[in-house]
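Report on one structure; see the data block that follows.
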């Protein structure tokens, strides 16, 4: 019981500590990457990043700065998967790292897609359109992709039924 509590304490404590150490540079990087992605696809109306903010130039509205807040960043979910990998689950390190990499990739790619779609809605409408899309569609999508990442994490981490049957002498 003490071992479990220590591992859970390490998981929570390290996640919070690393989050607060990395959140500002991480958000700045996310903004730069998103602005570069918009620039690469030719959407110049959301291609300038200033720290953790992106300048949005809507088609028929006043320009505004969209901020990537700490809760909008992919960092918390990725650190959560890292803490689970390091402190909670046991098993071969290679398999745990593969599960973490798969889940983190899903979360990172989908979060860029979520923020990018929010930015695009802001470009096509205005700041209120971006906020409404972000708050409703973005939140629902965020929940779904974290669950998808966790499902993939478990799928990669856990042995298949065939492997379990072989281990218990019931090979087919």
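The values are calculated or read from the model by the stated rules, or taken from the named source; none is laboratory data. None of these values were measured; they are calculated from a predicted model. For neighbour counting, all protein chains shown are included, and Cβ atoms are generated from backbone atoms with ideal geometry for every residue, glycine included.
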Residues (without any contact (Cβ under 8 Å) to a residue 40 or more places away in the chain and either under 17 Å from residue 115 (Cβ atoms) or surrounded by 12 or more Cβ atoms within 10 Å (Cβ to Cβ) (or both)) located in region 3-24: 13, 16, 24
Restricted to region 38-67 and to residues being in a helix (DSSP H, G or I) and surrounded by fewer than 17 Cβ atoms within 10 Å (Cβ to Cβ), the residue modelled with the lowest pLDDT is 44
Residue 88 passes all but one of the listed conditions (1) within 30 Å of residue 3 (Cα to Cα); (2) under 15 Å from the mean Cα position of the chain (by Cα); (3) surrounded by fewer than 18 Cβ atoms within 10 Å (Cβ to Cβ); the exception is number (2)
